[in-house]
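In what follows, a single structure is set out as C-alpha cells and then discussed.
Any read-out appearing in this document is the output of simple, stated calculations on the displayed coordinates, not a laboratory observation. Computed from a predicted structure; not experimentally measured. Don't worry about glycine lacking a Cβ; one is built from the backbone with ideal geometry, like all the others, and counts go over all protein chains shown.
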Amino acid sequence: MHIVVLFHNIGGYHAARLRAAEAVFRQRGWRLTAIQETDNADEHPWGDLEKEISFPLVTLLPAKEVPNVRHRHPQSTLAAKRLPNCLRHLNPDILVIPGWGYPMSRVALKWAQHHRRPAILMSESKWDDAPRSRWKELLKSLLYTRKFQSALVGGALHKEYLVKLGFSTQGIFYGYDIVDNDYFTEKAAQARHNPCTIRQYHPQIPIRPYFITVTRFIPRKNVLRLIEAFDQYRKTVGLENAWDLVICGSGQESDRIRTHIQNRQLEQSVHLPGFQPYKAIPYWFGLASGFIHPALSEQWGLVVNEALAAGLPALVSNRCGCYSELIIEGSNGFGFDPENVMQLAALMQKLSSRKDLDLVQMGQAALTHVQKFSPASFGNGLEQAIDYALEAM
C-alpha cells in the first residue's frame, strides 16, 4: 500500500514526523512518499536538511524553478494546478492532507474522492481560532471535513472542533503536533556543557540569566504586552535580581517593539537578536533559564514543544492550543491570561526568584512530559488513522 503525505514545506520537525511514520509503515509493508509545495518557504528557512530526508520526496514548486515568492505561498494556486499530474504518477492508495483551507489541500481531497481513495485530515484548528458563524461552519462541514475518512490532530481542543463539524469521534486520533525532541534535547545539552564555546559562535547570547521568547513580530503574538510585563517584573524584583529577556524573531511590528523597549529604557536588558535559524535556536534555549510564549491566539504553538524538549520551564498563554496538553501547572511551567500583564509579571518573578521552585527539576519534568509528544506518536497516530480510514471506505 502506498501512502502519500502532503505538506507546504518540509522542515526539521516535518522530516522527523515522516521518518517515524516511514518506520511504522515499513513494518506493515507500506510505502510512504511525501509531497511538498516548495523546498523554500521564505518565512521559515530550515537550512540544509538533506541528511534528514530519508523518504521519497516530490517538490511541486522548486525555488530555483519558481523564484517568485508569491507563487510559492500556501494560498497560491500554482502548486494545486500541478498536483493532479503528480498524484496520477504516484497513484497513492491513501492521501494524508494538511487542513482544508489551502488550494492544494482542496485539490487533493477532490482527487481522493474522484478516485475513491481514503483521505486523512491533519488538523490543528480549534473553535476559538477565529470568529465563527453557523452557516460558514455548516458549509465547511459539508464541503470539506465530512469528506475525510479519519483525522490526525494535536489535542483535545482540535478534536472537539472537528466533532462540532460533524466528524466521528472514533475517527480522530492524536499525534499531529510534534517536533524532533531529540534534536532540541541534544543541542541544548551541548550548549549547557560548553557555554563559552557556544557564545563564541553566537556572541549575542547574554551572559546573565534570561527568559527567552521565539516568535514572529505580529500583533497576535502579543510581544508588546510581554515587554510591559517584563518592565513591571524588573520594577518589582529590582534591577540586580531580574533576569534579562531575549526575544528572537522578526516581522511587521519590529519598529513598534523597538520603540516600546526604548520608551521604557530597557535596551540593556531586552535583547533582540533577530530571526534565529533552526540550527541555532536550540543553543539559545540551552543557555536560557526560562521560556515564555505570550500569544493571544495560537492553534498549537510548536515552539513550546521545542522549549520543553530543551528542558526549559515554560510560561505559556492559556489561549494556545498546546497549553492544556503540554503544560502541567507547577510541574513543568505555568499558564497565564495573555492580556493580564500583572499575572505574567508575577509568574516571571515566581520563576526567577526560585522560591518554592526547583528549576532543574521543572526542566526535567518538561523533558519527561514532552516525550509523550514525540515523532513516534505521529507515526503511531497516523497508522491508527489509516486503519480506521480503510475500514470506513
Phi-based couplings in Hz for the stretch 30-38 (Karplus 6.51, -1.76, 1.60; Gly and Pro marked x): 9, 10, 10, 10, 9, 10, 10, 5, 9
Taking a ≥ b ≥ c as the square roots of the Cα gyration tensor eigenvalues, with a/c under 1.5 meaning rounded and otherwise prolate when a/b beats b/c or oblate if not, the stretch 349-391 comes out prolate
What ratio of Cα Rg to 2.2 N^0.38 Å holds for the chain? 1.01
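Using the Cα atoms of the stretch 244-292 to build a convex hull, what is its mean projected area in square nanometres?
If I average the Cα hull's projected area over directions, I get 3.7 nm².
So what is the calculated 222 nm ellipticity per residue for the chain, using -39500 (n - 2.57) for each DSSP H run with n of 4 or more, over all residues, to the nearest 500 deg cm²/dmol? Present the calculation step by step, with values, prior to reporting the outcome.
Numbers: 15 runs with 167 residues, N = 393.
For the chain, the value works out to -13000 deg cm²/dmol.
How much length is gained on full extension from Gln190 to Ser250, taking 0.36 nm per residue of separation minus their Cα-Cα distance? Let's see the in-between values first.
Values: separation 60, 0.36 × 60 = 21.60 nm, distance 2.61 nm.
Result: 19.0 nm gained on full extension.
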If amide hydrogens are placed 1.01 Å from N in the peptide plane, which non-local residues have theirs closer than 5 Å to the one on Gly251? Phe217
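How charged is the neighbourhood of Ser374? Take every other residue with its Cβ under 11 Å from the Cβ of Ser374, and add Lys/Arg as +1 and Asp/Glu as -1.
Details: positive: Arg17, Lys372; negative: Asp180, Asp182.
Here the charged neighbours net out to 0.
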Enumerate the lysines that Lys147 could reach by cross-link, defined here as Cα to Cα under 19 Å, with residues fewer than 8 away along the same chain left out. Lys110, Lys126, Lys136, Lys159, Lys164
Where a ≥ b ≥ c are root eigenvalues of the Cα gyration tensor, a/c under 1.5 meaning rounded, otherwise prolate if a/b exceeds b/c and oblate otherwise, the stretch 9-133 counts as rounded
Of Leu157, Thr213, His73, which is farthest towards the positive pole of the stretch 69-214's charge dipole, taken about the Cα centre with +1 and -1 on the beta-carbons of Lys, Arg and Asp, Glu respectively? His73
Work out how much length Arg28 to Arg88 would gain on full extension: take 0.36 nm times their residue separation and subtract the Cα-Cα distance, in nm to one decimal. 19.2 nm
Cα centroid separation - the stretch 155-215 against the stretch 329-393, whole Å: 9
Per-pair calculated FRET efficiency, R0 = 56 Å: Trp135 and Tyr201 via Cβ, rounded to 0.05: 0.55
Cross-chain or 8 or more residues apart, Cα under 27 Å: how many lysine pairs in the stretch 220-363 fit that? Count them up, please. 5
Distance in nm between Ile218 and Lys350 label points, each 7 Å along Cα→Cβ, equals 3.0
Mind running the shape call on the stretch 200-272? Use the C-alpha gyration tensor, a ≥ b ≥ c as the square roots of the eigenvalues: rounded below 1.5 for a/c, prolate if a/b tops b/c, oblate otherwise. oblate
May I ask you to compute the full-extension gain from Gln371 to Thr77, defined as 0.36 nm times their residue separation minus their alpha-carbon distance, rounded to one decimal in nm? 102.1 nm
